[in-house]
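K.L.:
A single structure is presented below for examination.
The values are calculated or read from the model by the stated rules, or taken from the named source; none is laboratory data. Predicted, not measured: the structure shown is a model, and the values here were computed from it. Please note: Cβ atoms are built from the backbone with ideal geometry, for glycine as well, and neighbour counts cover all protein chains shown.
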Amino acid sequence: MLPYGRQTIESDDWQAVYRALQSPWLTTGPLVDEFERQFARAVDSPEAVAVHSGTAALHAALQAAGVGPGDEVILPAITFVATANAAVYLGATPVFADVDPETLLIDVADVARKITPRTRAVIGVDYAGQPCDYQALRQLTEPHQLVLIADACHSLGGTYQGRPVGSLADLNCFSFHPVKPMTTGEGGMITTSHPEWAAAMRRFRNHGIDSTHRSRQAAITHHYDMSALGFNYRMTELQAALGLSQLRKVQRFTRRRAWLADRYGERWQDVPHVRPLANAPDRRHAYHLYVVRWSAAKSGLERDEAFRRLHALGFGVNVHYRPVYWHSFYQREFGLRPGLCRRAEQAYREILTLPIFPAMTAADVQRVVAALGDIADLRAAAA
Ligand SMILES: *Cc1c(COP(=O)(O)O)cnc(C)c1O
């Protein structure tokens, strides 16, 4: 089975983890500090705070942004459920904006329509690895004093108008889940240029306690104060060791993903029922996912049937994502119904995520494209 995504772990990665296992600190020690420093430098951001997942990163970022009960948080209808769940954890209401049909990035005009006096934050999701239009989003959020958050879980390695992802929004959230641009097994990071938010997120990941075991040991004191409610969202030294070694490879991985995307791009004229998403010229796409739209009319085959036939042939294609408010939890708890974001819903019926990951070859791409052609029922399409 050729999966839609897969981590690349090399011998220096497992050696780094092996060394970390022999250190006296297994969790939140000097390697976490070093990973934060190097990550901040890599994305040109003053501060980076490591946590144990991308979901924890979103939760911590929204908490730092002051999101709480009664607030609204605007986010795109097409994203992983974790983006919306983070708002719900804090008692806020997620408000879904429609997406641009060509890129599936949040539609800035629809964000503008959905701002109310209760809106506290806007989350842009860099869907598939393409950064959102942060300049346009900022023009909306600044006059309303909203916090702009990037769900950059797909886009590490990408750029917008020459600036790296991680330096584009007020708070930028990353995931290091195995399929993401780099991995720590599970892991996450938030970058920001606000030192007080970074300090709040460091407390938040440590139960809301102001000091750490290490800082108390250095100060020879046992006293600590829990000043706010927090969580145990700490990253381990093992994760940080893997993160440090993976971080050195992100540029290489991103170049390889872009190269594979170009190989796909060369072949679409032969497969008229498949259309890739659009790329804005002022951005470097990180290609966490390679998403196409499958035309049922031109292929004579519904997307779900194409999905099944591709799996039967050994291609682990996927669908990212079902509109968040279609999930039964959101329908039940927030009274949301299909019809809310029509372009997102139409896109959901057509999208297919094709395999892309650094260890893939041009021959793999060729096999995927050949299968996309072979499974189509062109006689049914013509009829
Ligand atoms: C993966 C992902 C998350 C959650 O990250 P985890 O590390 O799996 O918790 C959030 N948002 C998006 C868009 C993601 O793809």
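K.L.:
Inside the stretch 134-157, can you point out the residues that are outside any strand (DSSP E or B) and either within 13 Å of the ligand (Cβ to nearest atom) or hydrophobic (A, V, I, L, M, F, W, C) (or both)?
P.N.:
The initial filter retains those residues of the stretch 134-157 that are outside any strand (DSSP E or B), namely 134-146, 152-157.
Scanning the stretch 134-157 gives A136, L137, L140, L146, A152, C153, H154, S155, L156.
K.L.:
Scan A65, A60, A86 and give me the residue that is within 14 Å of the ligand (Cβ to nearest atom), farther than 30 Å from Q346 by Cα and either surrounded by 21 or more Cβ atoms within 10 Å (Cβ to Cβ) or among the hydrophobic types (A, V, I, L, M, F, W, C) (or both). So that I can check it myself, show each step before the final result.
P.N.:
Numbers: A65 fails: within 14 Å of the ligand (Cβ to nearest atom); A86 fails: farther than 30 Å from Q346 by Cα.
Testing whether each residue is within 14 Å of the ligand (Cβ to nearest atom), farther than 30 Å from Q346 by Cα and either surrounded by 21 or more Cβ atoms within 10 Å (Cβ to Cβ) or among the hydrophobic types (A, V, I, L, M, F, W, C) (or both) leaves just A60.
K.L.:
Which count do you get for residues in the stretch 213-254 that are surrounded by fewer than 17 Cβ atoms within 10 Å (Cβ to Cβ) and assigned to a loop (DSSP other than H, G, I, E, B)? Spell out the reasoning first.
P.N.:
Looking only at the stretch 213-254, we keep the residues that are surrounded by fewer than 17 Cβ atoms within 10 Å (Cβ to Cβ), and these are 213-229, 232, 248, 251-252.
Those left that are additionally assigned to a loop (DSSP other than H, G, I, E, B): 220-225, 227-229, 248.
Result for the stretch 213-254: 10.
K.L.:
Of everything in the stretch 40-86, what is closer than 22 Å to A128 by Cβ and part of a helix (DSSP H, G or I)? Give them in sequence order.
P.N.:
A42, G54, T55, A57, L58, A61, V81, A82, T83, A84, N85, A86
K.L.:
Go through the stretch 264-304 and give me each residue that's assigned to a loop (DSSP other than H, G, I, E, B) and within 16 Å of the ligand (Cβ to nearest atom). Quick ask: steps written out before the conclusion?
P.N.:
We begin by selecting, within the stretch 264-304, every residue assigned to a loop (DSSP other than H, G, I, E, B); these are 266-267, 271-273, 277-282, 285-289, 295, 300-302.
L277, H285, A286, Y287, H288, L289, listed by residue number.
K.L.:
Kindly establish whether G314 is within 24 Å of D374 (Cβ to Cβ) and touching a strand residue (DSSP E or B) at 6+ places or on another chain (Cβ under 7 Å). Working first, answer last.
P.N.:
On the way: within 24 Å of D374 (Cβ to Cβ): yes; touching a strand residue (DSSP E or B) at 6+ places or on another chain (Cβ under 7 Å): yes.
Against the criterion (within 24 Å of D374 (Cβ to Cβ) and touching a strand residue (DSSP E or B) at 6+ places or on another chain (Cβ under 7 Å)), G314 qualifies.
K.L.:
Can you list residue pairs whose Cβ atoms sit under 7 Å apart, with the first residue in the stretch 251-275 being on the phi > 0 side of the Ramachandran plot and the second being part of a loop (DSSP other than H, G, I, E, B)? Count only pairs 6 or more apart in sequence or on different chains.
P.N.:
Filtered contacts from the stretch 251-275: no entries.
K.L.:
Which residue is surrounded by the most Cβ atoms within 10 Å (Cβ to Cβ), if the candidates are limited to the stretch 176-208 and must be touching a Pro at 6+ places or on another chain (Cβ under 9 Å) and not in a loop (DSSP other than H, G, I, E, B)?
P.N.:
Across the stretch 176-208, the extreme among qualifying residues is T191.
K.L.:
In the stretch 339-365, what residues are loosely packed, with under 12 Cβ neighbours inside 10 Å and within 30 Å of P69 (Cβ to Cβ)?
P.N.:
Correct list: G339 only.
K.L.:
Pick out the one residue from P131, P76 that is away from the ligand (no atom under 12 Å from the Cβ), under 16 Å from C153 (Cβ atoms) and either touching a Gly at 6+ places or on another chain (Cβ under 8 Å) or not polar (S, T, N, Q) (or both).
P.N.:
Details: P76 fails: away from the ligand (no atom under 12 Å from the Cβ).
Just a single option satisfies the conditions, and that option is P131.
K.L.:
Now, a different point. Only one residue in F329, F357, F307 is aromatic (F, W, Y) and not in a helix (DSSP H, G or I), so which one is that?
P.N.:
On the way: F329 fails: not in a helix (DSSP H, G or I); F307 fails: not in a helix (DSSP H, G or I).
The match here is F357.
K.L.:
Given (1) closer than 29 Å to M360 by Cβ; (2) surrounded by fewer than 16 Cβ atoms within 10 Å (Cβ to Cβ), where does K298 come up short, assuming only one miss?
P.N.:
Here K298 clears every test but (2).
K.L.:
Report yes if S167 is more than 15 Å from the ligand (Cβ to nearest atom), modelled with pLDDT of 95 or more, more than 13 Å from the chain's Cα centre (by Cα) and part of a loop (DSSP other than H, G, I, E, B), otherwise no. Don't jump to the end; show me each part of the working.
P.N.:
Numbers: more than 15 Å from the ligand (Cβ to nearest atom): yes; modelled with pLDDT of 95 or more: yes; more than 13 Å from the chain's Cα centre (by Cα): yes; part of a loop (DSSP other than H, G, I, E, B): yes.
It is true that S167 is more than 15 Å from the ligand (Cβ to nearest atom), modelled with pLDDT of 95 or more, more than 13 Å from the chain's Cα centre (by Cα) and part of a loop (DSSP other than H, G, I, E, B).
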